Amino acid sequence: MRGFGILLLLLFIPVLCFPALPENPSGTPNAGKVWLESWKAESERFSDLYELLEKDFRKFGNSEKMVKNIFYRAHQKLFHRYQQFTLERDALDQGLYDCVSGSLILAALLDHFGFAYEVKETSYHVFLQVRLEDRLVLLEVTDPREGFIADPDQKERYLRDFTLNPDNIRTGEKKLTSFMAPDIFRTIDLENLLGLQYFNQAIRYFNEGNPLAAYQFSITALKYHDTERIRDFSHFLKQELMLATN
C-alpha cells in the first residue's frame, strides 16, 4: 500500500493549491464578486491591482487589451514567483503562486469584468481560455512573459501539447507520468476550480504525513468537483486510515 500511495502522490502533485475563500456558488452571475471583495479587504496589493484594472476597464472595456492588462498587471502586482503548494493568500501576501491559485485569481477578475472565459482542467494542469468577439485568447499563468497567447500558431502549439500529449506540463511544473494517470481535457467552472483547491490541499496534507486531514479535504473537494480521480484518492485515503487503526 505504501508503494501505491507514493504513486498516487506523484500522480497528483502538479496541481497544488487551496485558497481559503468564502464559498460562493459559481452558477450565479459574477460568481467571483464575493472573493474579490474579500481579497480587496485582506490585501493592499490586490486592492491596488483592482483599482488599476477598474481604470483600465473604463478605458478599454471588453477588449483584448483589457484581458492583456488583467494578465500582465496581475503578474506585476501579485504573481512574482512560481511555487507549488501555494495558497491564494500566498499570492496576495508574498507573490507566490502556481497554476491553480493564479488561474483562480485571473478567472475571478475575468468574471468580474464580464468576459466570456473557460477554465480548462487537464491531467496535470489548469489554464484559461477567453473568448472575444473575433478570437480566442489563452492565459497560461505560469508563464509571466509569454503566457498571454493570442497568436493563432502559438495557440495551436499550446493546445496540441494537451490534446496530443495530455501528460505534458507547462512552464514551472514537472512532467510526471504514471499508468494511473487519467487523460483529462475538460472545461470546469469556478465551483469546480474551488474543488480542485480542496483536492490539492488533501494532497499537500498527505505528503506532509497527515492522512486524516487529507481525507477530510478530499471529502470537501468532492462536494465541489465530483470526479473519478478525486473519488479514487479519497477512497485510498480512507483505506489508509482504516489500515492505520488495525
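The values are calculated or read from the model by the stated rules, or taken from the named source; none is laboratory data. If you're wondering where the values come from, they're calculated on a predicted model, not measured in any experiment. Cβ placement follows ideal geometry from the backbone for every residue including glycine, while neighbour counts extend to all protein chains displayed. Please note that ligands, DNA and RNA were not included when accessible areas were found on the heavy atoms of the full protein model with its side chains. Shrake-Rupley method; radii C 1.70, N 1.55, O 1.52, S 1.80 Å.
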TODO: Set the Förster distance to 35 Å, then compute FRET efficiency between His80 and Glu208 from the Cβ-Cβ distance, nearest 0.05.
DONE: 0.90
Task: Spatially proximal lysines relative to Lys223 (Cα-Cα < 18 Å; intrachain offsets below 8 disregarded) - done: Lys238
Task: Asp226-Thr187 FRET efficiency (beta carbon distance; Förster radius 25 Å; 0.05 resolution) - done: 0.95
Task: Inter-probe distance in nm under a simple model that places probes 7 Å from Cα toward Cβ, at Phe60 and Glu44 - done: 2.6 nm
Task: Nearby lysines by direct alpha-carbon distance to Lys68 (threshold 26 angstrom, same-chain neighbours under 8 apart not counted) - done: Lys33, Lys40, Lys55, Lys59, Lys77, Lys120, Lys155
- [ ] Given the peptides 218-227, 151-160, arrange them by the average over their residues of other C-beta atoms within 10 Å, most packed first.
- [x] 218-227, 151-160
TODO: Mind checking the full-extension length gain between Leu52 and Tyr72? Use 0.36 nm per residue of separation minus the Cα-Cα distance, one decimal, nm.
DONE: 6.0 nm
TODO: Give, in nm to one decimal, the length gained when the segment between Arg135 and Ala244 is fully stretched (0.36 nm per residue of separation minus the Cα-Cα distance).
DONE: 33.9 nm
- [ ] Pop out the carbon and sulfur fraction of the accessible area of segment 185-236 as a percent, whole number, probe 1.4 Å.
- [x] 46 percent
